[in-house]
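Step one of this worksheet: look at the structure below.
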Amino acid sequence: MTLAYWEDVVPGTVTEYGGYTVSEEEIIAFATEFDPQSFHIDRDAAKSHFYGGIIASGWHTAALLMRMMVDNRLSGMKSQGSPGVSELRWLKPVRPGDTLRVRQEILGTRPLKSRPGIGAVENEFTVLNQHDEPVLRMRSTGFFGRRPDDAATES
């Protein structure tokens, strides 16, 4: 497989991918390990909570975003990691049976002066459920390898 480089990323591009259905069992398992609040792990307690039932941890939703990114985008690119996330918002609860997908918009790109072999990509990710409702929004920067010929000619 040919990997895509930073030069292949086009600002303004919007891509949708994913399609992951979340089960109650995995919601409870993730939350039991990492976010054991009652509305994530206890069916009876969750019924009386204002959410009205079990919901996924926001961190679980973020982890599912990451999984869909790797499976559908990053595995085909010269990914070099990320310096971090500038914004992360949980917009709507994710419930058992929800099917999630990602809408990714490339906001901009720039070469890194300190590391000529790497370029930065600014992204906005929106996770949508099966009703096209946004459940998570994240803005982040990703680092990607540059084509050796392109990075070498820049001064």
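No value in this document is a laboratory result; all are computed from the given coordinates. No experiment lies behind these values; they were computed from the predicted model shown. Neighbour counts run over all protein chains shown; Cβ positions are idealised from the backbone, glycine included.
Quick notes on this structure:
- A cut-off under 12 angstrom between Cβ atoms defines the neighbours of PHE125, and their net charge, with Lys, Arg +1 and Asp, Glu -1, is +1.
- Under 24 Å from LYS113, Cα to Cα: lysines that are on another chain or at least 8 residues apart: LYS78
- Partners of LYS92 within straight-line reach, counting lysines whose Cα lies under 26 Å from its Cα and excluding those fewer than 8 residues away in the same chain: LYS47.
- Principal-axis tilt of helix 24-34 within the chain, Cα atoms, nearest 10 degrees: 70
- Helix-only [θ]222 nm of the chain, DSSP H runs n ≥ 4, -39500 (n - 2.57) each, per residue, nearest 500: -7500 deg cm²/dmol
- Calculated from the structure at hand, P(r) over Cα pairs in 5 Å bins from 0, in percent is found among (1) 2, 9, 17, 19, 16, 12, 9, 7, 5, 3, 1, 1, 0; (2) 2, 8, 18, 21, 20, 16, 10, 4, 1, 0; (3) 2, 7, 14, 14, 12, 11, 12, 11, 8, 5, 2, 0 as (1).
- In degrees, nearest ten, helix 58-72 long axis to first principal axis of the chain (Cα): 40
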